[in-house]
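A short worksheet on the structure shown next.
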Amino acid sequence: MRVVGVIAEYNPLHNGHIYHLEQAKRKTGASYCVVIMSGNFVQRGEPACTDKFTRAQWALEAGADLVIELPTVFANASAERFAEGGVRLLHAMGLVTDLAFGAEQGDIAKLSQLADYLAEEPPEFRSYLQYHLKMGESFPRARYEALQDMGADPELLSELVKPNNILAMEYLRSIHKYAPEICPVPIERIGGGYNDEYLTGEYSSATAIRAAIREGNTQVLSTMPLFVSGAMQFDPQFPLTANDVGDMMLYKFRLMKPEDVQRLPDVREGFEQNLLKAARTAVDAESFFEAVKTKRYTMARVKRIGMSALLDMSEELVEDMASSDANLYFRVLGLKRDARSLLSAIASISRTPLIMRNADISKCTDVARESLRVDALSTDILSYALKKPLHRDSEAAILV
C-alpha cells in the first residue's frame, strides 16, 4: 500500500492545492493521502485565514483522507523547521511512502543537487555564510551570496531564490536526514507565483487571493472551490491577519521583561531591546513590525517572533521538540470515514501518541504536553479574534 504525504497550510485552500492533491495521488498511485497541516498560525508569522478545523474540513473535501496538525512550534517557523517538523511526523507514522511537494522546478535531479550541496556545507561555504550574516544579511540572502562567492552554477542559483524551491530543498534535506525511506515527489507549480500580489486567473497565489478577498474583488471566486469561496468571500471576519491579534500581541510585549523576550525563538544579539522599545510606542501590529524589521530580521521573522510572544512559545520548547521524536504527537484534525483503517494502521505501527481527544494527552511526554498547551492557546486566541467559540481542541476529530 502506498500512502502519500503532503505538508500544507491551506491559507486558504485554492485551485492550485486541488491540482497538487490530484497530482500527488496520480503520480504515486497512492491509496491514501495524509496531510500534515499548520494549525491556527502559519509560517509567515500570522494567524491562518481561519481556524484549523475549518481548513481541515476543506482538505478532506479536496481529497485528503487524514489531516494531522503540524504543531505550532513547527508551523510558526522558518522553512527549515517547518519542513523538519512535517517530515518527522510523516516518518513517525511508519507507513508513508511518498512526500509530494510543490516546486517551481519539477526536475528532482536539479533540486537534489542543490539540496545535497547545502547539506554538505563545506568549510569554505560556512566561512562565506558567516561573513554575510555578520554583514547583516538575512539567512536566505546570506546563503545565496555565499554560494555565489564559491562560484556556484548561476542556473542553479536562480532556482534557489524561488520560494517553493527553497521549501522543496528543505524537504529533501529533511528526508535525507530523518526519513530516507520516503520518496520525494516534486510537483511543478502552475499559475501565479508564490508571492504574486494580484490575481492571475484560475490558478492564483494564496497571497493574491487573500488580498482580493480583503478588497471585495469578486473575481477571486474563480480561484477557489465553492466550499471555500463562499466562506472566504461573504463572511466579513475572513481572512484573519496579524492586525486581528495585534492588540493582544502588543499587550503581551508590554508585560514582558528583557529576559522574557530573550527566551523567544529567533531573538539574538540584543534584539529584545528593539522589540520592547517598539512595543511601547506602536499603535498596531503593522507599525510595530515596520519599526523592528531589518535586513537581518526580515518581516516574516519579526512576525514569527511576535506570534511566539503572543503564544508564550519559548526557544527552549522549540529545541526540546526538535531534539527527540519521543516528543512528537499526532493531533487528528480530520478523517474520512472510509479511511479509518489508515488510522488503525498508524496506531498499530507507530509509537507516537495519537490524539483524538484530551484524554489521549496522558500518553505524551511533558515536552509534548507543553507544545499541546501552545496549540490549545492558539485556538483560544483565534476564538477571541473571530468572536466565536472554538472548543474543538477537546473533541474527537472530524469524520466525513
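Just so it is clear, none of the values below were taken in a lab; they were calculated from the coordinates. Only a predicted model underlies this, so the values are computations on that prediction, with no experimental measurement involved. We place every Cβ from the backbone using ideal geometry, glycine too, and count neighbours over all the protein chains shown.
Rounded to the nearest 0.05, the FRET efficiency derived from the C-beta distance between Tyr384 and Glu120 at R0 = 41 Å is 0.30.
The helix-based estimate of mean residue ellipticity at 222 nm for the chain, built from -39,500 (n - 2.57) per DSSP H run of four or more residues and divided by its residue count, is -15500 deg cm²/dmol to the nearest 500. A Cβ-based charge dipole, computed about the Cα centre of the stretch 108-161 with Lys and Arg at +1 and Asp and Glu at -1, lands at about 220 debye.
Taking the average, over residues, of other Cβ atoms within 10 Å as the packing measure, peptides 71-83, 93-105 rank 71-83, 93-105 from highest down. Membrane-span-like helices in the chain (whole DSSP H runs, Cα extent of at least 24 Å along the helix axis, mean Kyte-Doolittle hydropathy of at least -1.0): 366-386. With the biggest extent put first, the Cα atoms of the chain measure 54, 50, 48 Å across the principal axes. Taking a straight line from the alpha carbon of Lys293, these aspartates and glutamates sit under 16 Å away, with near neighbours fewer than eight places off in the same chain left out: Glu46, Glu137, Asp266, Glu269, Glu272, Asp284.
In this structure, the pairs whose alpha-carbon distance is over 23 Å, taken from Lys25/Lys303; Lys252/Lys303; Lys257/Lys363, are Lys25/Lys303; Lys257/Lys363. Descending by average beta-carbon neighbour count within 10 Å, the peptides 238-248, 154-164 line up as 238-248, 154-164, the highest first.
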